[in-house]
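Enquirer: This is the structure I want to talk about, given as structure tokens.
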Amino acid sequence: MEIEVKQRTSINIVWLKRDFRTQDHAPLQAAEAAGLPYLILTFFEPSLLAYPDASLRHQQFVFHSLHDLRERLQAFGLPVDCCYGEAVDIFRYFGETFDLQTVFSHQESGIRLTWERDQAVRECLDALGVEWCEFQRDGIVRGIRDRKGWDASWTAAIESPMIRNEYREHVPLEWEYPFPLAPDYIRQLDDYPTAFQPPGEGNAWRYLRSFTEKRGFRYHRFLSKPLDSRRTCARVSPYLAWGNLSVRQTYHWVHRHPNYRKFQLAFSSFLTRLHWHCHFIQKFEVECEYETHCINRGYELLEHEPRPDFVEAWKAGKTGVPLVDACMRCVAATGWINFRMRAMVVSFFAHNLDQDWRSGVYHLARQFLDYEPGIHYPQFQMQSGTTGTNTVRMYNPVKQSLDHDPEGTFIKTWIPELERLPLQYLHEPWKMTSLEQALFDFVLGRDYPAPLVDLVESAQKARKKIWGHRSNELVIAERKRILKTHVRKKR
Ligand SMILES: Cc1cc2nc3c(=O)[nH]c(=O)nc-3n(C[C@H](O)[C@H](O)[C@H](O)COP(=O)(O)OP(=O)(O)OC[C@H]3O[C@@H](n4cnc5c(N)ncnc54)[C@H](O)[C@@H]3O)c2cc1C
């Protein structure tokens, strides 16, 4: 009897994960060097889409970044596409349909769910006899126990020459994936709101160039202003988070820019922040439990009275505190607010409203277009005072408002119901007497909520609670552990 042996085409796959660009891309370089035909794919995975940190805006950003990549690479006959399904099922399909040899990707410092997904993928690929070649991302090191030598290795990675990806012409591969995205979902992904930063490599470079050529000169001055910072901050965070830019590309560009000497103060503090970016992700790479557990386990003992009504008001921008509400509405509509405003809304949530950080952390993860788990969870916890190693900063929203939005322009933009109030009350509408309210045809509680809590009293209570807890034995023991693991020794 003659056995029919069907010849399967030998291929490789580049699995895109937060690295949607064509340059400084090690997996794409390796796939090109391997000489086999290869597919460039990203996955929309139902288990990740159903997770509480997932939001349509992130998926839209990925979808449009992928389009951008496809346009850039189509001249070389390279297929760039997305698949709907669990990663393991997708690889099994390709492993059984083709002679799949190697999967190339970057390492992902993600949440526990993506870490576990990666372990399942590793098992699946091993069973199929497929090699998985993972590359370091942005100087983040896998498997280290402390920070000995980390700074030096990060600097070496970031200052090393960039990868110049070159693409030769490919004979287009014949393939059809049986589980495409549903047409309705594609329509949703396609419909990208213009209020968000535009995705893709070209836009990423446009933002970076305009920062170094013009916008960045006033970086320092307006860093914390809710309105001006929208122009003067680099605004490269979504591009770094989704990998339209690598940290190395960004670092090289700014460090070697002709304007560097002229604007050294601004640019060097920008570069310091790129270091923070990776420092935070490195922490999370080592302990992704920071998504769900207090960094300092001693703070698990702190009790909070859950107030779902407070949480909902905070999310909706209806707490009765104008700057907090303006920020929450602004980030919902545009996907971005600056660092200080992020810190302030979290401080208000955790300290003034006395809510467990876990009941707010996913909401902001969904709002930030630049959602990067490695920065988001540690930062959210820092501002909530659950690290035990940092000074607890409580932001007074009225002071922030008077310091950074003195004319109330930002507040009026996002809370039109306060527009008609005189400036002196814009920051604290609850201070208006009934007579003054009548004069301006404004009723507190009808036109705009009365504040959920008294700002001074709630801050005093929070200070007592959080500072009092710093001497707890577990907090002290945990502090030592954290310093040993995540902080480098100073000489
Ligand atoms: C509660 C909270 C959550 C945050 N979540 C995120 C997040 O999910 N993703 C994210 O990229 N940033 C996050 N940040 C950090 C910071 O607010 C943003 O990186 C910054 O506002 C992005 O704007 P930009 O690109 O104009 O920053 P710039 O000020 O121009 O800085 C340049 C780059 O440096 C990095 N950077 C700046 N500040 C920080 C910081 N404090 N920590 C770590 N890296 C920093 C970012 O990659 C940023 O793009 C968070 C901050 C807080 C307080």
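The values are calculated or read from the model by the stated rules, or taken from the named source; none is laboratory data. Owing to the predicted nature of the structure, the values given are computational and were not obtained by experimental measurement. For neighbour counting, all protein chains shown are included, and Cβ atoms are generated from backbone atoms with ideal geometry for every residue, glycine included. In case anyone asks, the SASA skips ligands and DNA or RNA and just uses the protein heavy atoms, side chains included. Shrake-Rupley method; radii C 1.70, N 1.55, O 1.52, S 1.80 Å.
Enquirer: Any chance the stretch 201-208 includes a residue that's out of contact with any Lys or Arg (no Cβ under 9 Å at 6 or more places or on another chain), surrounded by fewer than 17 Cβ atoms within 10 Å (Cβ to Cβ) and either within 22 Å of E159 (Cα to Cα) or not assigned by TED's automatic domain parsing to the domain that holds V324 (or both)?
Expert: yes
Enquirer: Is at least one residue of the stretch 206-223 of a type outside the set (A, V, I, L, M) and in contact (Cβ under 8 Å) with a residue 60 or more places away in the chain?
Expert: no
Enquirer: Among the residues of the stretch 315-341, how many are hydroxyl-bearing (S, T, Y) and near the ligand (Cβ under 9 Å from one of its atoms)?
Expert: 0
Enquirer: Only one residue in P238, P258 is more than 17 Å from the chain's Cα centre (by Cα) and either free of Cβ contacts under 8 Å to residues at least 60 places away in the same chain or within 12 Å of the ligand (Cβ to nearest atom) (or both), so which one is that?
Expert: That would be P258, the only listed residue that is more than 17 Å from the chain's Cα centre (by Cα) and either free of Cβ contacts under 8 Å to residues at least 60 places away in the same chain or within 12 Å of the ligand (Cβ to nearest atom) (or both).
Enquirer: Could you tell me which numbered condition M344 fails, if it satisfies all but one of (1) within 16 Å of the ligand (Cβ to nearest atom); (2) out of contact with any Phe, Trp or Tyr (no Cβ under 7 Å at 6 or more places or on another chain); (3) in a helix (DSSP H, G or I)?
Expert: (2)
Enquirer: Among the numbered criteria (1) outside any strand (DSSP E or B); (2) over 26 Å from H376 (Cβ atoms), which one does D81 miss?
Expert: Of (1) outside any strand (DSSP E or B); (2) over 26 Å from H376 (Cβ atoms), only one is false for D81: (1).
Enquirer: Scanning the stretch 221-230 for residues that are more than 10 Å from the ligand (Cβ to nearest atom) and part of a helix (DSSP H, G or I), which turns out farthest from Q400 (Cα to Cα)?
Expert: R221
Enquirer: Give all pairs with beta carbons closer than 6 Å in which a residue from the stretch 66-93 that is at positive phi meets a residue that is open to solvent by 10 Å² or more (accessible area, probe 1.4 Å) and of a type in the set (D, E, K, R); count only pairs at least 6 apart in sequence or on separate chains.
Expert: From the stretch 66-93, the pairs are G77/E169.
Enquirer: Given the options L369, L353, L364, name the one that is open to solvent by less than 40 Å² (accessible area, probe 1.4 Å), among the aliphatic types (A, V, I, L, M) and within 8 Å of the ligand (Cβ to nearest atom).
Expert: L364
Enquirer: Which pairs do you get when a residue that is free of Cβ contacts under 8 Å to residues at least 40 places away in the same chain, found in the stretch 285-307, comes within reach of a residue that is among the hydrophobic types (A, V, I, L, M, F, W, C) and assigned to a helix (DSSP H, G or I), reach meaning Cβ atoms under 9 angstrom, with the pair 6+ apart or on two chains?
Expert: E300/L474
Enquirer: A follow-up question, please. Y219 - would you say it is of a type outside the set (S, T, N, Q), open to solvent by less than 60 Å² (accessible area, probe 1.4 Å), out of contact with any strand residue (DSSP E or B) (no Cβ under 9 Å at 6 or more places or on another chain) and within 30 Å of Q29 (Cβ to Cβ)?
Expert: Spelling it out, it is not the case that Y219 is of a type outside the set (S, T, N, Q), open to solvent by less than 60 Å² (accessible area, probe 1.4 Å), out of contact with any strand residue (DSSP E or B) (no Cβ under 9 Å at 6 or more places or on another chain) and within 30 Å of Q29 (Cβ to Cβ).
Enquirer: Continuing with this model, one more query. Only one of A182, A156 is among the aliphatic types (A, V, I, L, M), more than 26 Å from T22 (Cα to Cα) and outside the structural domain of F43 (by TED's automatic domain parsing); which?
Expert: Step by step, each of A182, A156 is checked, and only A182 is among the aliphatic types (A, V, I, L, M), more than 26 Å from T22 (Cα to Cα) and outside the structural domain of F43 (by TED's automatic domain parsing).
Enquirer: Let me ask another. Scan the helices (runs of 4 or more DSSP H) fully inside the stretch 92-192 and keep the ones with 1 or more residues being in contact with a helix residue (DSSP H, G or I) (Cβ under 8 Å, 6 or more places away or on another chain), of a type in the set (K, R) and open to solvent by 40 Å² or more (accessible area, probe 1.4 Å).
Expert: In the stretch 92-192, 112-128 are the helices (runs of 4 or more DSSP H) which contain 1 or more residues that are in contact with a helix residue (DSSP H, G or I) (Cβ under 8 Å, 6 or more places away or on another chain), of a type in the set (K, R) and open to solvent by 40 Å² or more (accessible area, probe 1.4 Å).
Enquirer: Now for a separate question. Going through the stretch 388-402 one residue at a time, which ones are over 17 Å from F348 (Cα atoms) and surrounded by fewer than 21 Cβ atoms within 10 Å (Cβ to Cβ)?
Expert: The answer is T389, N390.
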